[in-house]
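Enquirer: This is the structure, below, for whatever I ask next.
The values are calculated or read from the model by the stated rules, or taken from the named source; none is laboratory data. Not measured: the values here are computed from a predicted model. We place every Cβ from the backbone using ideal geometry, glycine too, and count neighbours over all the protein chains shown.
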Amino acid sequence: MAVPLFDTQTPLSRLWPAIEARLSEVIERGVFILGPEVSAFEREFADYLGVRHVVGVANGTDAITIALRALGVGPGDDVIVPSLTFYATAEAAVTAGATPIFCDVDPDTRNVTVDTVRAVLTPRTKAIVAVDLFGCPAPVPQLRELGLPVLEDAAQAAGASLDGCRAGALGDAATFSFYPSKNLGALGDGGAIATDDDGVAELARTLRFHGSHDKSTFIEVGYNSRLDELQAAVLRLFLPELDTWATGRRSAARAYAELGLGEHCGLPAVPDGVDPAWHLYVVTHPRADEVLAGLRQQDVQARGYYRLPVHRQPAMAPYRAASPELPVTDELARTNIALPMSPVLSGEQVREVVGAVAAAARP
C-alpha cells in the first residue's frame, strides 16, 4: 500500500461544492483586497484562538517579520531563535533588521526551553521567537517569565493547545502560515498575526499596507503584505473543521504508539498539559537515511526535515559566530524522520507504516 506523507485533498473533498460557491460569491462581489472576507476571518480566527486581534498578511514569513517589528525589534537588536526550524523563522529576523542568535532545543520535545534560551541571552536581546515545532506548543508561558517579548511561531500548531490555551494565544504575539499543507491551510499562500496587544495589532495593520493607515499618508516603511480575499473566504470554511482535523491527527499519533512504533525508533515526547496538533509526526533513528531509503522501497513517503539546520545555512554565515555550538540541534537534524500524517490517516495506513519502519530499521 502506498502511503503519502501528506493527504491534503481527502479532508477537503466534501467541502468542494461550498468552496466553489464561496469563491463565486467573492468574484461576483468584485472586492479582492482587504474586503469583508478578510475582516470576517480575522474576527472568527481571533474568537477561535481567544485573542483580541488577528491581522491577516500575505504569508507566514511576512507575519514573523511584521510581528517582530510591531514588537519593537529593529536594527541593532538581537532576536533569539531556534535553528531546528524552517529557514523563514531566522530569515524574518534578519529582514526586520535584527541579528538572529541561535539556541539549542530539548532533545525530546525538539522545542526551545527556558534553559536553552537563557544560555544565549545577550545585552541586546529584544525578543525571543519560540517555534511550536511539528505542532507541539513550546513552553511560551515560562519563556515570558524571562522578561522579554515572546513571539510564538505557531505556523505548524493550529489546533494545538497548552494547559487549555490555544497555540497562537500563548505569547505577546503569534504568527501563522496558511500554506496549503499546514493544519489550517488555504488554497495558496496566506498568513496571520495574533495578539492581545492593541498597539502591536495597530502597527501590524499599518506595516502590512506600506506603512499607511489611509493609503495616502505613510508613517512607516512597510510592506505590501495582505491576506488575499479569496484565501480568506476558503479559510472561513476550513476554520470550523480545524478541531476535527486536529483530533484526527492526534488519533493517528496514538495509533502509531499503540501499534509499537516506539520499538523501532524514538517517538516525540509530549509535555504535561500539551495537546499537540501534529502537523508532522517526526521520529528519530540513528541510521535515519538508511531507514528513509527502506521506506521508499516499500512505497511509504517519508523525509528528513531541516537536515542542514538554519545556523549552518550559507546565508546565515555572518551570524554564526554570535551563536554557540548546538549539539542537540545537529543530532536531531541528522536523525529525524517525518512519517505520514494527516487528519484522515487510517488504521490500515498506520499499520503499513509501522511495518515498513520495522523492516527498514532492522540492523
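Enquirer: Going by the structure shown, is residue 61 under 24 Å from residue 175 (Cβ atoms), surrounded by 21 or more Cβ atoms within 10 Å (Cβ to Cβ) and either touching a residue at least 12 places away in the same chain (Cβ under 8 Å) or among the acidic types (Asp, Glu) (or both)?
Expert: It is true that residue 61 is under 24 Å from residue 175 (Cβ atoms), surrounded by 21 or more Cβ atoms within 10 Å (Cβ to Cβ) and either touching a residue at least 12 places away in the same chain (Cβ under 8 Å) or among the acidic types (Asp, Glu) (or both).
Enquirer: When residue 151 is evaluated against the numbered criteria (1) buried (at least 21 other Cβ atoms within 10 Å of the Cβ); (2) assigned to a loop (DSSP other than H, G, I, E, B), which criterion, by number, is the only one it fails?
Expert: (2)
Enquirer: Listed residues 207, 237, 187, 203; which is part of a loop (DSSP other than H, G, I, E, B) and of a type in the set (A, V, I, L, M, F, W, C)?
Expert: 187
Enquirer: Could you count how many residues in the stretch 210-233 are among the small types (Gly, Ala, Ser) and assigned to a helix (DSSP H, G or I)?
Expert: Result for the stretch 210-233: 2.
Enquirer: Just wondering, is there one or more residues in the stretch 85-99 that are out of contact with any strand residue (DSSP E or B) (no Cβ under 9 Å at 6 or more places or on another chain) and free of Cβ contacts under 8 Å to residues at least 60 places away in the same chain?
Expert: Yes, there is a match, as at least one residue in the stretch 85-99 is out of contact with any strand residue (DSSP E or B) (no Cβ under 9 Å at 6 or more places or on another chain) and free of Cβ contacts under 8 Å to residues at least 60 places away in the same chain.
Enquirer: Now for a different question. So residue 291 fits all but one of (1) modelled with pLDDT of 95 or more; (2) touching a helix residue (DSSP H, G or I) at 6+ places or on another chain (Cβ under 6 Å); (3) at negative phi; (4) not in a helix (DSSP H, G or I); what number is the exception?
Expert: Residue 291 satisfies all of (1) modelled with pLDDT of 95 or more; (2) touching a helix residue (DSSP H, G or I) at 6+ places or on another chain (Cβ under 6 Å); (3) at negative phi; (4) not in a helix (DSSP H, G or I) except (4).
Enquirer: To continue, here is another question. Based on this model, can you work out whether residue 282 counts as crowded, with 18+ Cβ neighbours inside 10 Å, closer than 26 Å to residue 2 by Cα and modelled with pLDDT of 95 or more?
Expert: yes
Enquirer: One residue is enough: does the stretch 120-133 have a residue meeting the conditions modelled with pLDDT of 95 or more, surrounded by 20 or more Cβ atoms within 10 Å (Cβ to Cβ) and in contact with a Lys or Arg (Cβ under 8 Å, 6 or more places away or on another chain)?
Expert: Yes; the residues of the stretch 120-133 include at least one that is modelled with pLDDT of 95 or more, surrounded by 20 or more Cβ atoms within 10 Å (Cβ to Cβ) and in contact with a Lys or Arg (Cβ under 8 Å, 6 or more places away or on another chain).
Enquirer: Test of understanding: among 89, 116, which residue is of a type in the set (Ser, Thr, Tyr), under 28 Å from residue 278 (Cβ atoms) and over 19 Å from the mean Cα position of the chain (by Cα)?
Expert: 116
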